[in-house]
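Structure first, then comments.
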Amino acid sequence: MVSILAELLDHRDGNHDQGYLWLRLTEDSIQRFMPFWTEHDIQRISKNLADTGILLIHSAPYTRSRELHFAFNEQAPSSQGAEFHTEQAPRPPAMQTIKPGANRIAPNWQPNGDLIKQLGQHSIPVEFVYEQLPEFITYWSERDEPHHSWGSKFLKQVLRKWRERQSEFGRRDQEIAIFSGWQPSQDALDIMIRQAQVNPAFIDDAVPEFVLYWQERGEKSRAWNSKFIQHVRRQWARYNSALEHETEPRRIPPNWQPNDDVFDVLKLANIDLAFARGLVPEFVLFWRDGNQVHTSWNTKFLQHAKYHWARRHQLTIKNTHSLQAAHHAGQQNPSLTSRTRDRSLVDDLTDRSWAS
């Protein structure tokens, strides 16, 4: 409504009274220029504008008077001042005529104190208001159009810019809790795979432990992808230090144990170390019985531990209280599938070759 009324004042002759430029709109004019509002909308919106100090209204409520006699709450220059302004800045013949009360924006135009107070009622900082001023003056100077109330136009621009800023911050600052099906974005994957050269399978295995950790903490964030990238990079650095760079495959020794670097990686992954150590005997037995060879048993076990920790997390969702009780008692819950023999060991232990 502010925009429509300002344009009508620009194109119709108003009356100066007590320093304000007034315009009287009949019901026919209002229905013509604002057909999308009912009479109750016109009354409600105009009253709100008057209550906030943007408009001055002399007419009775619109539903009774069927007219709107209004002025913008800003002192308007006299017609003599406007004519003097046009003499100082000649325009082409077709554009010479300026309606009373309209003038072009001055290079040093500033919002008055009342306008700053009105914007303050919308909780807009003064600094933000003045940040919009150079762009506003430049835009209207280039258009070289006369208007009756630069204050009302500036008010509209600042309000619009502020809403855009708030909307942008609302999207940017929205914090959410991580959910069970969370996956890193494609941009995050590109950073880890192309820039950090992380094995994609390593990234896949890191997702469940990451989700489990943050679900248990119950925290919210607006940057889960960034957190995940940091999480994977720390693990990847330790993982590389745990690699056994032997070129010749060998059988797993009967007394084999993961080295300290493996447990450092598991600790970074927030995997319970007692849980991981409990997997070692069965891991060794399986590969001894299978009589297979690999170049790095540390990496093979690391993948094995991560896989079963992720499976344990999936079952934990269904039986949280049982898992917590078992954890505090230092025991494993027999109803939870956390041992290799509860699934096909071939599927669990040979689905990827980390040494390759």
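What does the highest-first list of 285-292, 176-183 look like by mean Cβ count within 10 Å?
The densest-packed peptide leads the list: 285-292, 176-183.
Tell me the label-point distance for the pair residue 280, residue 7, using the 7 Å Cα-to-Cβ offset, in nm and rounded to one decimal.
For the pair residue 280/residue 7, the computed spacing is 7.9 nm.
Between residue 27 and residue 180, how high is the FRET efficiency from 1/(1 + (r/R0)^6) when r is the Cβ-Cβ distance and R₀ = 56 Å? Nearest 0.05.
Here the calculated transfer efficiency is 0.40.
With r defined as the distance between the Cβ atoms of residue 50 and residue 106 and R0 fixed at 35 Å, what FRET efficiency is calculated, to the nearest 0.05?
0.80
For the pair residue 135 and residue 40, what calculated FRET efficiency results from E = 1/(1 + (r/R0)^6), where r is the Cβ-Cβ distance and R0 = 51 Å, to the nearest 0.05? Mind dumping the intermediate values first?
On the way: r = 37 Å, r/R0 = 0.72.
Efficiency computed from Cβ-Cβ geometry: 0.85.
Given a cut-off of under 8 Å on Cα pairs at least six residues apart, what relative contact order in percent is computed for segment 1-73? Don't skip to the answer; put the middle values down first.
Details: 75 pairs, mean separation 24.5, N = 73.
Normalised by residue count, the contact order of segment 1-73 is 33 percent.
Readers should treat all values here as calculations from the given coordinates under stated rules, not as data from a laboratory. As the structure is a computational prediction, the values presented were derived from the model and not from experiment. Note: ideal-geometry Cβ built from the backbone for every residue, glycine included; neighbour counts use all protein chains shown.
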